[in-house]
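Below you'll find the structure, written out as structure tokens, and then a few comments.
The values are calculated or read from the model by the stated rules, or taken from the named source; none is laboratory data. Because the structure is a prediction, the values reported are computed rather than measured. Quick reminder, even Gly has a Cβ in these numbers, built from the backbone with ideal geometry, and neighbours come from all protein chains shown.
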Amino acid sequence: MRLSPEGKIMRYKIVLSCILLAVMLLNFAMPSVRAGGYGFNDGKIDISVYYPTQAYPGDRISFRVRVEALEDLQDVDISIWVRGSKNEGYSAWSKYITILSDKDLSSGVVRDEDFTLTFPSDASPGLTYAIIYIHYKYYSWPLWYDSYDDDAFQMTYLKDKAYEDLLDDYHDLLNEYNQYKATHSHTNSEFNEVTNQRDYWKNEYESLNSTYNDYVKTHSYSNSEFDALKNEASTSRSLNYLLVVTTIVFIGTTAFLAIKKPKTKREANIS
């Protein structure tokens with residue numbers, strides 16, 4: 001079925017409204033992403049973690065970890081456990097990354113290294129978070145003591161590719177709608193004019209139809225009345241035929257007598 005210009009515009013409006021609503025809901029559900037990195041400092045060790053704030057599921061990212069010993073430390077162990085969700089939040093994934101393992105660091109020593117992390121391809125969009133585990137030994141006369149600490153921080157936000165595709169489709173459709181509207185703005189008045197003409201002829205039809213129905217009600221005959229009229233017409237036609245035949249016979253008889261009578265008189269005079 002071919003749509004009228006007004007119908008096309010209405011269809012565009014409905015589709016755009018649905019897409020805009022979906023975009024608004026997705027934006028409302030999207031948490032804010034903290035830019036920058038993470039820092040830890042307890043006076044004996046200083047740790048900074050720098051990572052991309054955004055990525056896609058399946059991406060391989062590089063992040064940087066800087067460790068500085070603020071005093072002499074022994075057996076330094078640092079690891080990061082990155083976690084996230086998948087299957088729309090019904091299950092979880094995790095990646096364990098070792099930063100330092102049993103390293104002795106003199107005061108002022110800095111270890112600055114890059115590490116890689118690959119997100120699962122089936123990871124759900126949203127924030128990932130990391131738990132950092134820290135252990136080292138520090139000297140406090142007359143012994144070396146163990147220090148254990150852990151902390152959690154938000155990490156890379158995994159973007160939703162389907163949402164971005166929907167957003168691109170929305171912008172494309174919005175541009176197409178604006179172009180169509182700019183080149184077809186005159187169709188509204190034309191459509192209204194056609195609608196008015198349609199309403200006029202519809203009213204004319206309904207008026208004529210009503211007149212016809214009234215005529216049928218006042219000029220209709222039943223079958224019995226029709227049969228009676230038919231029989232009456234047939235009887236009249238038969239009488240007409242009989243009248244014609246009678247007239248012909250009468251004329252013929254009159255002519256015969258008119259011819260025969262003078263002949264008889266002449267025969268009598270001869271005798």
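If you go through the stretch 88-108 and keep only what is closer than 12 Å to residue 69 by Cα and in contact with a strand residue (DSSP E or B) (Cβ under 6 Å, 6 or more places away or on another chain), you end up with 103, 104, 105, 107.
Please find, within the stretch 70-97, the residue that is surrounded by the fewest Cβ atoms within 10 Å (Cβ to Cβ) out of those that are aliphatic (A, V, I, L, M) and touching an Asp or Glu at 6+ places or on another chain (Cβ under 8 Å).
Initial filter on the stretch 70-97 (aliphatic (A, V, I, L, M)): 70, 73, 76, 78, 80, 82, 92, 97.
Cutting the leftovers down to touching an Asp or Glu at 6+ places or on another chain (Cβ under 8 Å) gives us 70, 73, 76.
Working: 70: 16, 73: 22, 76: 23.
Filtering first and then ranking leaves 70.
Is one or more of the residues making up the stretch 212-227 of a type in the set (D, E, K, R), surrounded by 10 or more Cβ atoms within 10 Å (Cβ to Cβ) and modelled with pLDDT under 75? Within the stretch 212-227 (the criterion being of a type in the set (D, E, K, R), surrounded by 10 or more Cβ atoms within 10 Å (Cβ to Cβ) and modelled with pLDDT under 75), the answer is yes, since at least one residue qualifies. Listed by first and then second residue, the pairs with beta-carbon distance under 8 Å, at least 6 apart or on different chains, first residue in the stretch 128-155 and within 30 Å of residue 58 (Cβ to Cβ), second of a type in the set (Lys, Arg), are 128/83; 129/83; 130/83; 131/83; 154/34.
Do the conditions hold for residue 159, that is, is it surrounded by 15 or more Cβ atoms within 10 Å (Cβ to Cβ), in contact (Cβ under 8 Å) with a residue 24 or more places away in the chain and over 30 Å from residue 91 (Cβ atoms)? Criteria not met by residue 159.
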